[in-house]
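Chemist: Next up is a structure, given as structure tokens.
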Amino acid sequence: MAVEPVTGLNPDRVRANLERVLEQAGNEVEILAATKYVPAEEMGALAEAGITLVGENRLQDLEAKQKRWAEAFQWDFIGNLQSRKVKGIVPLVRLIHSLATESALEQLGKHGTPQTEVLVEVNVAGEESKGGVEPEALGDFIARCPVRVVGLMTMPPFAERPEDSRPYFARLAELAAQQGLERLSMGTSQDWQVAVEEGATIIRLGSVLYA
């Protein structure tokens, strides 16, 4: 099913939604606006609403939006990290959320800098259809990463009830503690409250901000 672009954003409504999330999540949690479906011409409404951190899924969109809005936001990369795109992504973002493959590790060794920071994506549910490092392989993967690993990210299985995501968020927090990592990117519009309760430091939100 095709997803329609997010258009007609109202800055006042987005600001009210953002304030509502912040009130519940607390100021320690970073609110990342997922802008995959937000056209470049709508990004100004996010800036006006007080959004400061955005996450893009594709290098092409990241480049296009930064040409117009580079100074308006901090930029993270939250999509599937293809190894051939690493070189282009690294200089454009403060944080990559989705490091998960050997080929991406290799490219980070070539194109990463002392300032490059990443989160390792973990497949906590063991879903074959999803990317991510298996929990038992995490320590070795982090040890071989040529840039600074500052935390972990996960996407739990689709669930009708937010509560069903809790075990996966709790497991990610446990793995992060074992590795001495403080940042946890977990939780989206449907389950962010549960993610915050389990220790999320970054929540990736779309519709809950834009509706």
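The values are calculated or read from the model by the stated rules, or taken from the named source; none is laboratory data. As the structure is a computational prediction, the values presented were derived from the model and not from experiment. A quick note on method: Cβ atoms are made from the backbone with ideal geometry, for glycine too, and the neighbour counts reach across all protein chains shown. Accessible surface areas use protein heavy atoms only, side chains included; no ligands, DNA or RNA. Shrake-Rupley method; radii C 1.70, N 1.55, O 1.52, S 1.80 Å.
Chemist: Return the carbon/sulfur percentage of the accessible area of segment 76-206, one whole number, probe 1.4 Å, all protein chains in place.
Modeler: Solvent-exposed carbon and sulfur of segment 76-206 make up 47 percent of the total.
Chemist: Can you work out ³J(HN,Hα) from phi for every residue in segment 55-61, in order, using Karplus 6.51 cos²θ - 1.76 cosθ + 1.60 and θ = phi - 60°, giving whole Hz and x for Gly and Pro?
Modeler: Values, residue by residue: x, 10, 9, 10, 4, 4, 5 Hz.
Chemist: Taking a cut-off of 25 Å between Cα atoms, list the lysines near residue 65, but don't count ones fewer than 8 places away on the same chain.
Modeler: Answer for residue 65, where 25 Å is the Cα cut-off: 36, 85, 87, listed by chain and number.
Chemist: Please identify, among 131, 44, 199, the residue showing maximal mean-square fluctuation in a Gaussian network model of the chain using a 10 angstrom Cα cutoff.
Modeler: 44
Chemist: Now for a separate question. Taking only C-alpha pairs under 8 Å that are 6+ residues apart, what is the relative contact order of the chain in percent?
Modeler: Details: 396 pairs, mean separation 39.8, N = 211.
The normalised contact order for the chain reaches 19 percent.
Chemist: Tell me the accessible surface of residue 36 in square angstrom (1.4 angstrom probe, heavy atoms of protein chains only), to the nearest ten.
Modeler: 70 Å²
Chemist: If the chain between residue 47 and residue 130 were fully stretched, how many nm would it gain, using 0.36 nm times the residue separation less the Cα-Cα distance?
Modeler: Using 0.36 nm per residue and subtracting the Cα-Cα distance, I get 26.7 nm.
Chemist: OK, next. Put +1 on the Cβ of every Lys and Arg and -1 on every Asp and Glu Cβ in segment 84-211; which of 89, 180, 151 then has its Cα farthest towards the positive end of the dipole?
Modeler: 89
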